[in-house]
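Worksheet for the structure shown next.
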Amino acid sequence: MDRTFVMIKPDGIQRGLVGEIISRFEAKGLKLVAARFERLPEGRVIEQYQEHLTKPFFASLKSYIMSGPCFLMVWEGRNVVAIARSLIGATNPQEATPGTIRGDFGIDIGRNVIHGSDSLQSADREIGIHFRQNEPVTYTRIDESIIYEY
């Protein structure tokens, strides 16, 4: 099974959306294998968003991500990156389809509730930034034989 990294950002935490977001991923059939609630240190924020370091919005992005706690997760499932991205919706909430997390809860691109890896390579990199190798737990959900065609 593939794994992906998902982070509920400070605005999602402040608005009490953690349970709703987890429920959407679980209802889809994805498996939560690691989770942590924490305020991110500057070094990990810089590492997480390294592709944006030279962009004009990076300082405000860094300040925002460090402004409060985030909820970090690793989800597992077949084709999990694409599935997670479809649950999350477009980066700009104004362009996100209703029914997606950003489409239902986001308004401003700078406060878009959630981050999800955009590829398996990004997922591996981001999981490695926030979780030690032994932290994601391997287990079989009782409904896997119902969810997946083997």
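How do 132-142, 85-95, 16-26, 107-117 rank on mean C-beta neighbours within 10 Å, highest first?
Going by the mean number of other Cβ atoms within 10 Å, highest first, we get 107-117, 85-95, 16-26, 132-142.
Segment 39-86 to segment 95-143: how many Å between their Cα centroids?
With segment 39-86 and segment 95-143 each reduced to a Cα centre, they are spaced 9 Å.
Just add up the charged neighbours of PRO10: K/R +1, D/E -1, any other residue whose Cβ is under 14 Å from the Cβ of PRO10.
My count for the surroundings of PRO10 gives +2.
Please give the helix 18-28 orientation as an angle from the longest Cα principal axis of the chain, in degrees from 0 to 90, rounded to the nearest 10.
40 degrees
Just to confirm a number: summing +1 for Lys and Arg and -1 for Asp and Glu over residues other than ILE147 whose beta-carbon lies under 13 angstrom from that of ILE147, what do you get?
-1
Could you work out [θ]222 nm for the chain from helices alone, using -39500 (n - 2.57) per DSSP H run of at least four and dividing by all its residues? Round to the nearest 500 deg cm²/dmol. If you can, show how the numbers build up before the last one.
Values: 8 runs with 60 residues, N = 150.
Computed mean residue ellipticity for the chain: -10500 deg cm²/dmol.
Rounded to the nearest 0.05, what FRET efficiency is calculated for THR138 and SER60 with R0 set to 22 Å and r the Cβ-Cβ distance?
With a Förster radius of 22 Å, E is 0.05.
Just to confirm the number: angle between the C-alpha axis of helix 120-130 and the first principal axis of the chain, 0 to 90 degrees, nearest 10?
Between the helix axis and the principal axis of the chain, the angle is about 70 degrees.
Within segment 2-147, how many Lys pairs that are eight or more residues apart, or on different chains, come under 28 Å at the alpha-carbon?
Count of close lysine pairs: 4.
Here, each number is a calculation from the coordinates, and none is a lab measurement. Note that the coordinates shown come from a computational prediction; the quantities given were computed from them, not determined experimentally. Backbone-built Cβ (ideal geometry, glycine too); neighbour counts: all protein chains shown.
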